[in-house]
Every structure is written in structure tokens, then in C-alpha cells.
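Visitor: This is the structure, below, for whatever I ask next.
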Amino acid sequence: MNNAKRHSIIWGARLAIIVALLIAWQISIEHSRIAAFFLGSPKKIGETLVEWFTTGSIYKHLGITLMETMLSFLIGTGFALILGLWLALNDMCAAIFDPFIKGLNSMPRLIMAPIFAVWFGLGIWSKVALGVTLVFFVVFFNVFQGIREVSPVLIANAKMLGASRQQLVRRVYIPSALSWVFSSLHLSVGLAFVGAVIGEYLGSSAGVGYLILEAEGTFDIETVLAGVILLTTCALILDFAITLFENSLLKWQGK
Amino acid sequence: MTLAVARAMVRGGEALTIMTPTSDAGSRANALDLRGITCTFPPSGKGEKPYTAVRDVNLTLADGEFVAIVGPTGCGKSTLLNVAAGLLPANTGDVRIFGQPLIGINDRAGYMFQAECLLPWLTARRNVAFGLELRGVDTAEATRRADAWLARVGLSGFEDRYPKQLSGGMKKRVALAQVLVMEPKILLMDEPFSALDIQTRQLMENELLDMWSADKKSVFFVTHDLEEAISLADRVVVMSSGPATTPVAEFNVDIPRPRDVTEIVQSPQYLDLHRRIWEILKKEVLKSYERGKTVAAS
């Protein structure tokens, strides 16, 4: 009872904040043309969003952006898993590659976007490449650290129960690496999404980032903001889907 | 060496020749023979000296015997178990399992660890079946045997729980089932019940004794708890305080079986043994305590 009440207060307050902001916004642009130029009209933004979905023109762009996100995430995570496992289990290789990986990680990767555009063209692959460079390091460091910190007792126990080196990797190291991938899921999917949008924004022919870029070229602030709202909503939905996924999968991590 | 220690060693020595005939006397081979085992660990940092955990240890475990090893905490008891398990190669010395030299992991032995060792992403059932699956037993058969063992340790109905969803005592039972389902000839136990509350612990000890008398495994049981050692074992070995730990005395526990660990502590035989062993163990504990203080002070 008490909990339900608390819940409704929280949601009511959130809704009130949004409505108040929208009203203040609408009033300010009706009284000032400068504000109207810089802020755009919330009413028009709403209309743009409705139009996108009723005509269906947005689906193509949204589909491309989400496709790039998905590919960046899968490819980046795949590489990170393989390399993380390999380096975590090979001390010598880890020592050799350590400075390279740290160097690549500290490099500002957004700078690479134009280079990727040259290498992979203006289609989806240059965006995927950018997303991969963002996702890879988050997952890699998680996996690497996770494998290094697998409890030695767990390993000794598996050995005593008869695990060969190969079985140890398959039945102990990989499952614990995967649990670390899951723990970084929110961050890595978020970064894949950021990579896709930024990539589109820096040069593309389709995608939500491309719509924003195009609208900025004509000072169409309403379309820009409609795009931003669309992206924010997508990011929230993705995050929510991951939470659902985690809850179903990580029962053993329990409370 | 103090007189008491010397006397105890003589007493232990006599007992040893009666209890555990050596293999060259023509009888059955010992389950486990440790001869002249020394383990030295490389220095942990610059300016540190190498650390000798155990030095020149001779220990035997006859087939079907239950031996408890007691000593101050951190005296290298676990090191000895790791050597016997084949997890840690000794720097010098000879390890024999049923007369055969040990190479690699000791696959005749089951090891029950002090720390938590269940795989957190597997249910109780799959944890117990884990070892069988590693050895190529098919899933249906492994599941059947795992369920049977879970029932034997009193965990029917908990097969689908994950370790996180089990209490400390339940986790220990699963760990016990995980080891025993492999039907090892030798059981190595490293303070397995030290993290449990006293009631759960006594229950587990009684269960262990039941299972041990049912299929007569050879057990090496490491503990720092003298009461536990006397209640369970045929023979109690007292180790010196570390570093360079070595056995200082042995006692036969001639309290008749079957035993009940909750009642045994009142028997006069128990009290007498406890007094005699504690006399020696106390000195080692004090030494280890003093050393701990000087290390902390420096």
C-alpha cells in the first residue's frame, strides 16, 4: 500500500516536471522571437515526431541506427571476449600488449570517425567501426580483469574434479568472463549507440544522426530536437530491455 | 626441544609403528605417503626472503585411516594438503599414492576446500554433476548420481537452487556431495567446517563420520580445532608453528566407534587426550602468537 503510494507520487512528480517545463518553454517562445529561434517550438517538435511515425519516414533511419548499434555491440564484444580471454590466460602476451592496449584506449577515438569514413565509406560500416572501438575497450577490460580475478579456489577445485586445461577454459573461465560482459552491458550498449549516432552525424547518407545533421544545415531547430528526443527515448528503451534481459539471465547472481 | 615434546614424539613413534605398517613390510600400500617434503615459496617482494612453509615432513595415511592434522593457524597445513593433491609440487621429497609416485593432479583424491568453491553460475545439481561431466559421464547419468548424493547430504528439494540462494551449511553440503560423488579413495579436507556455526558444524561432522564408516575412505583432515580433530580422527598429528612447519607429535585416538561428536567430549578418554595434546599444541600456538606480535610490531 505504502509502496504503491510512493510509486504514484514519484511518477506524478516526474510527469509534473515535464509538463511544467513544456509550458514554460511554450510561453517563453510565444513572448520572444529570439527564444523561438534558439529553442524551437515544443508544439512543432511534437508535430514533427508525429509526422515521422504516421508517414513512416523515420523507420528507415531508425532501423539503420539500431542496426549499426547492434553490429557495433556484437562485433566489439566478440573481439573483446576473445582477446580478453587470450591475454588474461597468457601472462607473456599480456605483458607485451599492455602498452599498446592502454595507448589505443587513451586515444580520443571520435577523431577516428573521418578516417573510418575514408576506410569503410559513408555506409553503415564506418559507423560500426567507430562503435566497435568504443565498445571493445569497455568489455575487454572487464573480461580481462574478470578472468584474472576468478577465485584460485574455483580453479583448484575444478582441477581436482578432473578438468583439463581446455575444460577449464570452457567451463570455468568463459562463464565467468560472460558474467563480466553482462555486468558491463549497460555501458557497452550505450556506447555502441553513441558510436552509431556520432558516426552518422560526422558523415552519412541515412540514420537518425544524418537527419539531425541535415536539419542543422538548414537551422531547423525543431527537427534537430525531435531527433534528439527520439534518440533519448531509444536509449532509454534499450537500457530497459537490458535490465529485463539481465534479470532473466543472471538469476544466479541473486541478492 | 622440551621434555614434553620429546616424550610425546616417542609415544607417537611407537604408535605409528603399530598403526601404519610400512609398505616394505609386505602389507597393503599406504593410501598416502609423504616423505621428506619441503616447500619453499619465492620471495613476495624485493628485500624479502624466500618463505619455507613446510620442512622435511614425513606423514603417512593408511588405507581407510582418518588422520587429523592440527597446528596453529597459518602453519603450512594447507600447503601439505596441496602437495598431497598434486596442486603444488614440493621442492624436495617424495609423494606416493597407494605406492605409486604422484605425477600431476592426484586423481584418486577428492579435495574439500576451506573457502567457497562452488561454481556460482551452476545450480546445486549441476555443481555436483560437474566433476562427472568433466570425466565424460553423460548428462542423464551424471544428473541421476548428483541427485542421489544431494539426497544423501540432506538437500533433496534444493537441486535447482544456485549457491547464492543456499545457506553456508547447505553450500558445504553441496561441496561435500560434489567431492564424494566422484568416489575418491582419499579425502583431503582443509578446515572444511571452520566457517560454520557450532551446531551445523557438529551435524556435518557426524554426517562425515557416517559416510566415512560406510565406505572407508582414507581421510586427511586439516584443522586448527583440537576438539574436532580428536572427535573425528583415528590419529592426530600436531604440527609446529610456521615457518618451516614439521610434525612434532602424534597421538592415537582409541575412542571406540561409532562416535557422536556431541557426546564424545564428555568421555574421560577424550578429556585425557585433549589435555595431553593441548600441552604440546599450546606451546606451538603461543610461539606462533609471539611471532605474529613481533611481525606486527616491526
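Visitor: Quick check for me: using +1 on Lys/Arg Cβ and -1 on Asp/Glu Cβ, what's the dipole size of segment A:40-252 about its Cα centre, in debye to the nearest 20?
Guide: 920
Visitor: Measure off 7 Å from each Cα along the Cα-to-Cβ vector at residue B:216 and residue B:160, then give the distance between these two points in nanometres to one decimal.
Guide: Distance between label points: 4.2 nm.
Visitor: Using a Förster distance of 45 Å, how high is the FRET efficiency between residue A:106 and residue B:257, based on the Cβ-Cβ distance and rounded to 0.05? Let's see the in-between values first.
Guide: Numbers: r = 67 Å, r/R0 = 1.48.
That gives a FRET efficiency of 0.10.
Visitor: For segment A:40-252, with all protein chains present and a 1.4 Å probe, just round the carbon and sulfur fraction of the accessible area to a whole percent. Show your work: numbers first, answer last.
Guide: On the way: 7650 of 10520 Å².
Roughly 73 percent of what the probe reaches on segment A:40-252 is carbon or sulfur.
Visitor: Show the residues, 5+ positions off or on another chain, whose built amide H is closer than 5 Å to the amide H of residue B:249.
Guide: B:238
Visitor: Now for a different question. Rounded to the nearest 10 Å², what accessible area does residue A:243 have for a 1.4 Å probe in the complete protein model?
Guide: 50
Visitor: Report the one residue of A:110, B:153, A:20 whose Cα lies farthest in the direction of the positive end of the charge dipole of the protein assembly as shown (charges on C-beta: Lys and Arg +1, Asp and Glu -1; origin at the Cα centre).
Guide: B:153
Visitor: Related question: Using alpha carbons only, how many angstrom separate the centre of segment B:44-103 from the centre of segment A:62-88?
Guide: So the separation of the two Cα centres works out to 46 Å.
Visitor: Okay, next question. How high is the relative contact order of segment A:40-252, in percent, with contacts defined as C-alpha pairs under 8 Å that are six or more residues apart? If you can, show how the numbers build up before the last one.
Guide: Values: 235 pairs, mean separation 64.7, N = 213.
Relative contact order comes out at 30 percent.
Visitor: If you don't mind, another one. Looking only at segment B:173-289, where both bridge partners belong to it, what percent of the DSSP beta bridges are antiparallel (to the nearest 5)?
Guide: Values: 5 of 10 bridges.
Expressed as a percentage, antiparallel bridges in segment B:173-289 total about 50.
Visitor: Next up: With the contact rule set at Cα under 8 Å and sequence spacing of 6 or more, what percent relative contact order holds for chain B?
Guide: On the way: 541 pairs, mean separation 73.8, N = 298.
Relative contact order for chain B comes out at 25 percent.
Visitor: Still on this structure: Is there a quick way to get the dipole size of the protein assembly as shown? I mean about its Cα centre, with the Cβ of Lys and Arg at +1 and of Asp and Glu at -1; what is the value in debye to the nearest 20? Walk me through the intermediate numbers first.
Guide: Values: 52 positive and 50 negative charges, 86 e Å.
Using Cβ point charges on Lys, Arg, Asp and Glu, the protein assembly as shown gives about 420 debye.
Visitor: Moving on to the next point. Going by accessible area, probe 1.4 Å, with all protein chains left in place, what is the ranking of B:70, B:265, largest first?
Guide: Details: B:70 0, B:265 35 Å².
Ranked list, largest accessible area first: B:265, B:70.
Visitor: Between chains B and A, what is the buried accessible area summed over both chains (1.4 Å probe, protein heavy atoms, nearest 100 Å²)? Don't skip to the end; give the middle numbers.
Guide: Numbers: alone 14420 and 15640 Å², together 27920 Å².
Interface between B and A: roughly 2100 Å².
Visitor: Within chain B, which complete DSSP H helices have Cα atoms spanning at least 27 Å along the helix axis and a mean Kyte-Doolittle hydropathy of 1.0 or higher? All intermediate terms of the calculation are to be shown ahead of the outcome.
Guide: Working: long enough: B:268-297 (42 Å, -0.69).
Counting only whole DSSP H runs, no helix qualifies.
Visitor: Also, I was wondering about something else. How do A:67, B:182 stack up against each other in accessible area, from largest to smallest, with a 1.4 angstrom probe? Before the final figure, lay out each step's value.
Guide: Working: A:67 105, B:182 40 Å².
Most to least solvent-accessible, the answer reads A:67, B:182.
Visitor: Something else: Which chymotrypsin sites (Phe, Trp or Tyr not before Pro) from segment A:142-242 combine a DSSP loop assignment with at most 13 other Cβ atoms within 10 Å?
Guide: Numbers: sites: A:144, A:173, A:180, A:182, A:193, A:201, A:210, A:219, A:240; in loops: A:219.
Here the chymotrypsin sites (Phe, Trp or Tyr not before Pro) that fit, given the DSSP loop and packing criteria, are A:219.
Visitor: What full-extension length gain, to one decimal in nm, is calculated for residue A:30 and residue A:43 as 0.36 nm per residue of separation minus the Cα-Cα distance?
Guide: Going from the current span to full extension adds 3.6 nm.
Visitor: I've got another one for you. Taking N as the number of residues in chain A, what is its Cα Rg relative to 2.2 N^0.38 Å?
Guide: Working: Rg = 23.0 Å, N = 255, 2.2 N^0.38 = 18.1 Å.
Working it through for chain A, the quotient is 1.28.
Visitor: Okay, next question. What number comes out for accessible area per residue over segment A:40-252 if the probe is 1.4 Å? Units Å², please. Before the final figure, lay out the partial values.
Guide: Numbers: 10520 Å² over 213 residues.
Each residue of segment A:40-252 exposes 49 Å² on average to a 1.4 Å probe.
Visitor: For the pair residue A:235/residue A:149, report the inter-label distance in nm, with labels modelled 7 Å from Cα in the Cβ direction.
Guide: Here the modelled spin labels are 2.7 nm apart.
Visitor: Moving on. So how tilted is helix A:174-183 from the main axis of chain A? Cα-based, degrees 0 to 90, rounded to 10.
Guide: 20
Visitor: Let me ask you something else. Rounded to the nearest 20 Debye, what is the dipole magnitude of chain B about its Cα centre when Lys and Arg each give +1 and Asp and Glu each give -1 at the C-beta? Present the calculation step by step, with values, prior to reporting the outcome.
Guide: Numbers: 35 positive and 36 negative charges, 127 e Å.
Charge dipole of chain B: 600 debye, to the nearest 20.
The values are calculated or read from the model by the stated rules, or taken from the named source; none is laboratory data. None of the values given here were measured: they were computed from a predicted structure. Glycine gets a Cβ as well: all are built from the backbone with ideal geometry, and neighbour counts include every protein chain shown. Heavy atoms of the whole protein, side chains included, go into the accessibility calculation; ligands, DNA and RNA do not. Shrake-Rupley method; radii C 1.70, N 1.55, O 1.52, S 1.80 Å.
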